[in-house]
Amino acid sequence: MDNDIEAGRAAAIGELRAALAEIESGAGLARFVGGHGIQSRVFEFEWDEPALGIRFRLPCGRLLSDEESQKEDDAEIGAAIRMAILLLSTAGRPGAAARIEAACDDRGPTYAVYAEGGEIEDSGADWGPLVRRLETVLGGETDAVSVIWP
């Protein structure tokens, strides 16, 4: 089962990297997009396994919004994608938490870090402490993803 989870993580990371390239190109996001209409489309990414739970749902491609709002949406989606990649890259590694849950929607980000016994070690609405924790797990790896929340 661990090999299946690792393979799933690798596949998800590949898809997320492709989505990040789409959004950074300015051409618009095609992957992980749900909803319909010109104002109700959303970036959606969910992942659930014993070590990790991710639930992201952010507005995207709102054609009636001004250009600045559209850029802000893209920046938030880009940060969420980077966070998902970072979470998937560190889940299950030595030194990682027993379980991490991260969520993000139009109200902002949240996270909770759980110990082996199920008690919460850390939680909050600012991903900064979570990023620092994950960077510690990655150590000096050069392919680590930098997460910048707008």
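Restricting the calculation to alpha carbons of the chain gives Rg and Dmax of 15.4, 48 angstrom. Between Ser123 and Ala27, the contour length at 0.36 nm per residue exceeds the Cα-Cα span by 31.1 nm.
When a 1.4 Å probe is rolled over the protein heavy atoms, the share of accessible surface on the range 28-119 that falls to carbon and sulfur comes to 47 percent. Can you give the FRET efficiency for Ala12 and Ala98, using 1/(1 + (r/R0)^6), R0 = 25 Å, r = Cβ-Cβ distance, to the nearest 0.05? Given R0 = 25 Å and the Cβ-Cβ separation, E is 0.80.
The values are calculated or read from the model by the stated rules, or taken from the named source; none is laboratory data. Remember, it's a predicted structure, so these values are computed and weren't measured experimentally. Here the Cβ is made from the backbone with ideal geometry for all residues, glycine too, and neighbour counts use every protein chain on show. We work out accessible area using only protein heavy atoms, side chains counted, and drop any ligands, DNA or RNA first. Shrake-Rupley method; radii C 1.70, N 1.55, O 1.52, S 1.80 Å.
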